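The block underneath contains the structure these notes are about, expressed in structure tokens.
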Amino acid sequence: MSEYRRIESALIHGGIYGDKYTKAVNVPIYQTSTYEQSGIGEEPEWEYSRTGNPTRAALEALIAELEGGKYGYAFGSGMAAITAVLSLFRTGDRILISSNVYGGTFRVLDKVFSHFGITYSIEDTTDLDALEKSITDDVKAILVESPANPLLTVTDLAAVSRIAANHGILSIVDNTFMTPYLQRPLELGADIVIHSATKYLGGHSDVVAGLVVVKEKELADRIAFIQNSTGGVLGPFDSFLLIKGIKTLGVRLDRHVENAEKAAAFLSEHKAVKKVYYPGLPDAQGYEINKKQAKNGGAMISFELYENYDIKKFFKSLRLVALAESLGGVESLVCHPASMTHASIPYDIRQQIGITDGLIRLSTGIENIDDILEDLAQAIAESEE
Ligand SMILES: *Cc1c(COP(=O)(O)O)cnc(C)c1O
């Protein structure tokens, strides 16, 4: 970020502001696949939209600035972004992942990259000693989320980045749940930040997109090469939607978090609730670490109801809060990780890492908080057996 503006302003003015040709305050949607070149052998600024597109470039410059990195890359989904990053590795390499990463990240490693001889192991990244001991010669990267999906487990990002650096391997952080408004992993020492921009960055549940940010030229060149070679790029219109979404990220997240803090307090005191997972609660795992590395606890909450509450009935009884995959949009959503987002993780592993069948994940929206709480209260009451 430049010295004369803070993140709230950078969200609106960062990267490439407006259009240099017309002075339009918004970057236009350059809906084109190719560009006329002035002559053979003359290096064109733009040549083909897989390689580069001005609308996408504006988004890429914006996310790079927001994350405190130097180089940004936009992809057609969060998974395309993760796939591009995993394409840095080769046969024989192993990636350590934290024990509750996004289900799709686990799946692409388990079912796709395994075909190419790239392996993974699941580690408890909150146990730094154990993590360090698990770094054998074949380990080339540590991939973490903090707070992680869906148990909101907090990992010390500075410590993990330091461990990775000491071993000469890459630290990769999926920053989807926090966004650069709340947490900037590159500033904590991480090498690569990944986003599913589908979530808070887009913020309106109207676009599927992924982003990658790095700070070093050598790594940037490799990612750019993979982006252009494998081609999972974000289109100009979706790039425009993301730029538009990011402008209001600060005000949206302020409200998301305010609502989440109230919802977490409400759930903590409710007699039907067995456990609440929210990094903003003082008794939460990793509360102090999260406070050190992030602005606050974010807006994702998971909770478990006691066994005498019928979870299916709970979901059916909700009237305002919708049952849906995804998160981070203005509307409140709930999901059932065991059968939805984390269904691709085998049952035994799910039990081991605490993703029980009674777990409910809430993406707290920006509606009136009283409406959200009333809806949760009535659905819990309906589900009592
Ligand atoms: C949704 C999500 C992804 C995958 O992103 P898509 O945009 O759905 O492909 C990756 N990581 C996290 C933490 C997510 O929540």
**Request:** Report the extension gain between Glu367 and Thr248 in nm, rounded to one decimal, defined as 0.36 nm multiplied by the number of residues separating them, less their alpha carbon distance.
**Result:** 41.3 nm
**Complete:** If each part is reduced to its alpha-carbon centroid, region 284-328 and region 25-63 end up apart, in Å, by 41
**Request:** Given the peptides 142-152, 13-23, arrange them by the average over their residues of other C-beta atoms within 10 Å, most packed first.
**Result:** 142-152, 13-23
**Asked** Which of the peptides 44-52, 173-181 is most tightly packed, and how do the rest follow, going by the mean number of other Cβ atoms within 10 Å of each residue?
**Response** 173-181, 44-52
**Prompt:** What nm value, rounded to one decimal, do you get for the distance between Ile12 and Glu325 when each label is placed 7 Å out toward the C-beta?
**Reply:** 3.6
**Request:** Would you mind getting the accessible area per residue of region 55-95, heavy atoms of the protein chains only, 1.4 Å probe, in Å²?
**Result:** 27
**Residue pairs, from the table Lys244/Lys316; Lys70/Lys295; Lys262/Lys295; Lys140/Lys217; Lys111/Lys244, whose Cα atoms sit over 24 Å apart** = Lys244/Lys316; Lys111/Lys244
**Asked** Can you list the residues of region 323-347 with backbone N under 18 Å from a point 7 Å past the Cα of Ser114, pointing along Cα to Cβ?
**Response** 342-347
**Asked** Roughly how many percent of the accessible protein surface of the chain is carbon and sulfur, given a 1.4 Å probe and a whole-percent answer?
**Response** 52
**Message:** Cβ neighbours within 10 Å, averaged per peptide: list 247-256, 28-37, 111-120 in order, most packed at the top.
**Reply:** 247-256, 111-120, 28-37
**Asked** Using a Förster distance of 41 Å, how high is the FRET efficiency between Tyr21 and Ala158, based on the Cβ-Cβ distance and rounded to 0.05?
**Response** 0.45
**Asked** In deg cm²/dmol and to the nearest 500, what is the mean residue ellipticity at 222 nm of the chain if only DSSP H runs of at least 4 residues count, each as -39500 (n - 2.57), divided by the residue total?
**Response** -11000 deg cm²/dmol
**Fill in**
Among the DSSP H helices of the chain, those whose Cα atoms extend at least 15 Å along the helix axis and whose mean Kyte-Doolittle hydropathy is 0.5 or higher are 54-66, 236-247
**Message:** With a cut-off of 8 Å between alpha carbons and a minimum separation of six or more residues, what is the relative contact order of region 83-123 in percent?
**Reply:** 56
**Item:** Sequence-distant aspartates and glutamates (8 or more away, or on other chains) whose Cα lies within less than 14 Å of Lys199
**Value:** Asp174, Asp238, Glu325, Glu331
**Prompt:** Residues in region 205-235 near a label at Lys70, defined as backbone nitrogen under 13 Å from the 7 Å Cα→Cβ point?
**Reply:** 214-222
**Asked** How much net charge surrounds Leu327 when only the other residues with a Cβ under 11 Å from the Cβ of Leu327 are counted, with Lys and Arg +1 and Asp and Glu -1?
**Response** 0
**Message:** Limiting things to C-alpha atoms, what are the Rg and the maximum Cα-Cα separation (Dmax) for the chain, in angstroms?
**Reply:** 21.0, 76
**Request:** Would you mind working out the accessible area per residue for region 160-200, using a 1.4 Å probe, and quoting it in Å²?
**Result:** 25
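The values are calculated or read from the model by the stated rules, or taken from the named source; none is laboratory data. All values reported here derive from a predicted model rather than from experimental measurement. Backbone-built Cβ (ideal geometry, glycine too); neighbour counts: all protein chains shown. Accessible surface areas use protein heavy atoms only, side chains included; no ligands, DNA or RNA. Shrake-Rupley method; radii C 1.70, N 1.55, O 1.52, S 1.80 Å.
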